[in-house]
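Note sheet for the following structure.
The values are calculated or read from the model by the stated rules, or taken from the named source; none is laboratory data. Since this is a predicted model, take the numbers as computed values, not measurements. FYI the Cβ positions are ideal-geometry reconstructions off the backbone, even for glycines, and counts take in every protein chain you see.
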Amino acid sequence: METQDLQGNRPIDDAIRKVLEQSRPLAIVQAGDPVLRRRAAEVPTDLDRGLLAELIAAMRETMLAAPGVGLAAPQIGLGIRLAVLEDPAGVPGDVADARDRRPLELTTIINPQYRQIGHDTAIWYEGCLSIAGWQAATERAVTVELRFTDEDLAPAVERFSGWQARIVQHETDHLDGTLYLDRAVLRSLTDNAAYLQRWSGPDLQPARAELGF
Ligand code: ZN
């Protein structure tokens, strides 16, 4: 029917279908592409569920292959307010404890908005699949409340803390055109090899002392 065709051909549907035509894993856009600097568009809550499920699956596959613990739609060139998060927390126990890093199951956040709960912040090294190869120390709220639409297109409110809150803030920021380097202490910048060799331990103090931040 014509009306269904018209509904099925909304620009957002076409944009998602175009992404899904690509091979897997999807290509990850790097800093310098304007899509990473625009405010992404709201996702209509009557989006086709099958299309949404396909998009989530493609983004999850791309995130896990990278590997990463979060991927926002602008990072695959799709300027819509949607991100996937999943963290196996596969780091040594002392590092996980210091960063309050606990496993996070696949979580889809649509049209998310976070607000800080309390005043506590934490500073740790953070990286981004769209600034490949680099990490920098970034201060984040320890606990946030997130209002979002979930993978079933239902409204949700959830609190996240520790590393999970960091991932939530990083991915939500992507949807407003903000990259972690906008918030990072630039003097701490390190490439991945140096991070793994020198600064990936449970304590940030050696990096602060030796890099001077
Ligand atoms: Zn990122």
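Would you check if there is a residue in the stretch 180-200 being under 21 Å from residue 75 (Cα atoms), without any contact (Cβ under 8 Å) to a residue 40 or more places away in the chain and under 20 Å from the mean Cα position of the chain (by Cα)?
Within the stretch 180-200, one or more residues are under 21 Å from residue 75 (Cα atoms), without any contact (Cβ under 8 Å) to a residue 40 or more places away in the chain and under 20 Å from the mean Cα position of the chain (by Cα).
In the stretch 141-158, is there at least one residue being away from the ligand (no atom under 16 Å from the Cβ), closer than 23 Å to residue 206 by Cβ and in contact with a strand residue (DSSP E or B) (Cβ under 8 Å, 6 or more places away or on another chain)?
Start the filter on the stretch 141-158 by keeping residues that are away from the ligand (no atom under 16 Å from the Cβ), which leaves 141-158.
Now narrow it down to the ones that are closer than 23 Å to residue 206 by Cβ: 142.
Next cut, in contact with a strand residue (DSSP E or B) (Cβ under 8 Å, 6 or more places away or on another chain) only: 142.
So far as the stretch 141-158 goes, yes, one or more of its residues are away from the ligand (no atom under 16 Å from the Cβ), closer than 23 Å to residue 206 by Cβ and in contact with a strand residue (DSSP E or B) (Cβ under 8 Å, 6 or more places away or on another chain).
Can you tell me how many residues in the stretch 12-36 are in a loop (DSSP other than H, G, I, E, B) and surrounded by 15 or more Cβ atoms within 10 Å (Cβ to Cβ)?
If we filter the stretch 12-36 for residues that are in a loop (DSSP other than H, G, I, E, B), which is where we start, we get 21-33.
Checking the rest, the ones that are also surrounded by 15 or more Cβ atoms within 10 Å (Cβ to Cβ) come to 25-26, 28-29.
Residues flagged as in a loop (DSSP other than H, G, I, E, B) and surrounded by 15 or more Cβ atoms within 10 Å (Cβ to Cβ) within the stretch 12-36 amount to 4.
Is there a residue being aliphatic (A, V, I, L, M), within 12 Å of residue 126 (Cα to Cα), modelled with pLDDT of 95 or more and surrounded by fewer than 20 Cβ atoms within 10 Å (Cβ to Cβ) anywhere in the stretch 147-168? Explain how you work it out, then say what you get.
Restricting attention to the stretch 147-168, the residues satisfying the condition of being aliphatic (A, V, I, L, M) are 153-154, 156-157, 165, 167-168.
Now narrow it down to the ones that are within 12 Å of residue 126 (Cα to Cα): 167.
Pick out the ones that are also modelled with pLDDT of 95 or more and you get 167.
When the remaining residues are screened for being surrounded by fewer than 20 Cβ atoms within 10 Å (Cβ to Cβ), the result is none.
Checked the stretch 147-168: no residue is aliphatic (A, V, I, L, M), within 12 Å of residue 126 (Cα to Cα), modelled with pLDDT of 95 or more and surrounded by fewer than 20 Cβ atoms within 10 Å (Cβ to Cβ).
Would you be able to say whether some residue in the stretch 112-120 is in contact with a Ser or Thr (Cβ under 7 Å, 6 or more places away or on another chain), at pLDDT 95 or above and within 16 Å of the ligand (Cβ to nearest atom)?
yes
Can you tell me which residues in the stretch 159-190 are of a type in the set (Phe, Trp, Tyr) and more than 11 Å from the ligand (Cβ to nearest atom)?
As a first pass, look at the stretch 159-190 and keep what is of a type in the set (Phe, Trp, Tyr): 160, 163, 180.
The answer is 160, 163.
Determine whether the stretch 87-98 contains at least one residue that is assigned to a strand (DSSP E or B), surrounded by 15 or more Cβ atoms within 10 Å (Cβ to Cβ), at pLDDT 95 or above and of a type outside the set (Phe, Trp, Tyr).
So far as the stretch 87-98 goes, yes, one or more of its residues are assigned to a strand (DSSP E or B), surrounded by 15 or more Cβ atoms within 10 Å (Cβ to Cβ), at pLDDT 95 or above and of a type outside the set (Phe, Trp, Tyr).
Specify the residue that is surrounded by the most Cβ atoms within 10 Å (Cβ to Cβ); the eligible residues are those in the stretch 40-80 that are in a loop (DSSP other than H, G, I, E, B) and within 16 Å of the ligand (Cβ to nearest atom).
Kept after step one, since they are in a loop (DSSP other than H, G, I, E, B), are these residues of the stretch 40-80: 40, 42-48, 66-69, 77-79.
Now narrow it down to the ones that are within 16 Å of the ligand (Cβ to nearest atom): 40, 66-69, 77-79.
Numbers: 40: 21, 66: 15, 67: 11, 68: 20, 69: 24, 77: 17, 78: 22, 79: 17.
Filtering first and then ranking leaves 69.
With the structure loaded, tell me whether residue 32 is at pLDDT below 95, over 20 Å from residue 86 (Cβ atoms) and among the small types (Gly, Ala, Ser) or whether it fails that test.
In short, no.
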